[in-house]
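Before any comments, here is the structure.
The values are calculated or read from the model by the stated rules, or taken from the named source; none is laboratory data. Nothing here was measured: the structure is a model prediction, and the numbers come from that model. Positions of Cβ are backbone-derived with ideal geometry, glycine not excepted, and every protein chain shown enters the neighbour counts.
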Amino acid sequence: MTDIDLLSIASFAGSQPHEQFEWLREHSPVHRHDLPGGEPFWAVTRYEDVKTVGRDAATFSSSPTIMLHDSSSEEPSPFGDHVMMLMADPPVHTRMRRLISKHFTPRASQALAARVDELATQIVDEVIEQGECDLVEDLAGAMPSFVIAELLGIPLEDGRILYRHTEALHSSDEAIASEDRSAATMQMFEYSQKVYAERQANPTDDLSSQLIHGEIDGEPIDSIDFFLWFLLLIDAGGDTTRNLVGGGFHALFENPGELERLRADVDGLLPTAIEELLRWVSPVIYMRRTAMADTTLAGQSIAAGDKVVMYYGAANRDPSVFAEPDRLDLSRSPNPHVAFGGGGPHYCLGAHLARIEIHALLRAMLTRLEDLSPVGTPEWMGSNFIYGPTSLDVVFRPGPRVG
Ligand code: HEM
């Protein structure tokens with residue numbers, strides 16, 4: 001039996017723990033996993049079971065949290081009864097999502113494509129003359145933080161600062177002191193309150209103003225609600241997309257034949273390549289649910305109140321769905337991966353926008369940065385929740401700016 005440890009950040013440095021996932025899918029697909037300092041959880045690793053849990057919000061609730069640990073019951077939540085959409089269940093979740101979903105439809109996302117292309121040009125321009133950069137920090141991280149800053153109507157550079165704070169929020173206790181995590185939350189809070197006050201007084205047509213002047217069932221959005229929306233959008237849209245691009249290039253560098261294929265036919269192969277990189281990297285490691293009633297999953301009895309945790313990276317290598325799952329195949333089709341979730345009510349709201357950002361940035365990098373190759377050793381997130389490199393130094397042939 002393989003040693004199972006889905007908590008240690010070492011299990012997620014450089015690769016997801018695919019040997020463990022393989023053993024679990026085969027021998028213990030709903031596996032009882034201890035959690036120091038908390039109640040144990042069921043780790044779900046097969047594709048069909050991940051979809052079942054994700055789609056059945058009545059049995060598998062997102063409340064009180066989608067993280068492994070419940071927040072300590074001794075400390076009252078500083079946010080009172082306010083909930084973030086990600087941790088709400090229908091029908092409250094449905095009403096919250098309705099408030100914001102029109103900004104993320106395929107059509108609304110497509111309307112941003114030209115601007116996203118300009119940002120990709122600008123981001124590559126910033127490094128192209130140097131012939132070297134940190135692919136994660138300078139390229140992959142810049143795009144999502146700029147895009148979310150534009151949507152929220154804040155300066156692009158502030159988007160970068162705020163998204164760095166989200167990295168602290170996602171880091172495990174092993175990797176970061178809890179005071180640093182609290183300080184990051186506080187800075188995000190203060191920033192959101194400043195935006196709230198400004199847009200209350202002077203609304204514009206940005207998403208912040210629309211949220212601040214919106215209401216749910218006749219109830220206005222107060223400053224705490226706005227903070228939770230702000231945090232969710234910066235958080236959900238930031239290092240996930242960054243890690244897909246950083247982790248995606250890491251995978252391409254490790255599979256030079258596939259990188260060559262892609263370079264030879266960027267426009268032809270990019271659509272399927274993006275889906276394959278999403279499957280391969282699976283930047284969100286898990287989402288947790290809590291059983292609302294006694295139930296059974298893959299023959300395993302689950303009691304009401306138990307934690308049930310979907311491992312997307314494991315589902316995305318399930319051989320019953322993906323032929324040769326451990327082979328990176330940029331033309332894989334169909335590719336019904338669950339990197340954006342298993343398709344239930346919380347399915348990634350930003351999936352269309354993420355694909356547009358990833359397409360623009362990958363295209364600009366692959367067509368403009370000639371001989372792009374890694375140097376040194378990448379550094380990885382200290383997290384068992386979000387997966388990807390935090391630093392990946394690269395060199396390339398210097399070229400001219402075009403923007
Ligand atoms: C590669 C990039 C991304 C990945 C892998 C990703 C993945 C995910 C996953 C796994 C979930 C939870 C799904 C579930 O529980 O069923 C989620 C939810 C969410 N994502 Fe993304 N995401 C990405 C990019 C984005 C972007 C760019 C945005 C917005 C700008 C965004 C906004 C959201 C929001 C708001 C939710 C919560 C939806 C809800 O609770 O109803 N995501 N995402």
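See the values below:
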read-out: Breaking point among (1) surrounded by fewer than 20 Cβ atoms within 10 Å (Cβ to Cβ); (2) touching a strand residue (DSSP E or B) at 6+ places or on another chain (Cβ under 6 Å), for M381; value: (1)
read-out: Within region 13-30, tally of residues that are closer than 20 Å to V308 by Cβ and not basic (K, R); value: 11
read-out: Selected residue (only one of L366, L328 is more than 11 Å from the ligand (Cβ to nearest atom), buried (at least 19 other Cβ atoms within 10 Å of the Cβ), outside any loop (DSSP other than H, G, I, E, B) and touching a residue at least 12 places away in the same chain (Cβ under 8 Å)); value: L366
read-out: Only one of A114, A58 that is touching a residue at least 40 places away in the same chain (Cβ under 8 Å) and either of a type outside the set (D, E, K, R) or more than 11 Å from the ligand (Cβ to nearest atom) (or both); value: A58
read-out: Tabulated pairs, region 170-191, first over 19 Å from A10 (Cα atoms), second modelled with pLDDT under 80 and of a type in the set (S, T, Y), C-beta under 9 angstrom, 6+ apart or interchain; value: D180/S171; R181/S171
read-out: Only one of D81, D70 that is in a loop (DSSP other than H, G, I, E, B), without any contact (Cβ under 8 Å) to a residue 60 or more places away in the chain, away from the ligand (no atom under 11 Å from the Cβ) and within 21 Å of the chain's Cα centre (by Cα); value: D70
read-out: Helices (runs of 4 or more DSSP H) fully within region 174-269 counting 1 or more residues that are among the acidic types (D, E) and modelled with pLDDT under 95; value: 178-201, 223-237, 239-254
read-out: R279 vs. criteria modelled with pLDDT of 95 or more, away from the ligand (no atom under 11 Å from the Cβ), within 30 Å of P256 (Cβ to Cβ) and basic (K, R); value: no
